[in-house]
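The values are calculated or read from the model by the stated rules, or taken from the named source; none is laboratory data. Note that the structure is a prediction, hence the values are computed from the model and not measured. Side chains are part of the model used for accessible areas, which takes the heavy atoms of the whole protein and leaves out ligands, DNA and RNA. Shrake-Rupley method; radii C 1.70, N 1.55, O 1.52, S 1.80 Å.
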Amino acid sequence: VQLQASGGGFVQEGGSLRLSCADRRRTSSNNAMGWFRQAPGKEREFVARISWNGGLSSYADSVKGRFTISRDRASGTMYLQMNSLKPEDTARYYCAVARSAVSGPDRADYRYWGQGTLVTVSS
């Protein structure tokens, strides 16, 4: 497995979690990376993305102002700090490596995917 996501869990509404994504093969150094999520019965959706050097990032409107994406190229790790969590944030969260240095929000822009980590937010 190239990408290993971790940090998910069960949290109450208003709480925080920090997700991590370890790139074991270190193939993401010159590529953008992103976070997506998939709730039960729904399609996988874009959450956040970050450019190869961390200089550019963007978020889905639903998480803007609450989530922060970051990366440490030296360790090959990407993070997603999630604050003020809501029940509608409940989903399995996936990390992905893009096909280029700057990615878009489409799943087709991403080449490698992790297995995901489950986040459950209770009301």
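Data table
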item	result
Rel. contact order, % - alpha carbon contacts under 8 angstrom, at least six apart, the chain	36
Accessible heavy-atom area order of 37, 92, 71, highest first, probe of 1.4 Å	92, 71, 37
Dimensions in Å of the chain - Rg and Dmax from alpha carbons	13.2, 40
Solvent-accessible area, 1.4 Å probe, carbon plus sulfur percent, for region 28-104	45
Accessible area, probe 1.4 Å, largest first, for residues 56, 85	56, 85
Residues of the chain: accessible area per residue with a 1.4 Å probe, Å²	51
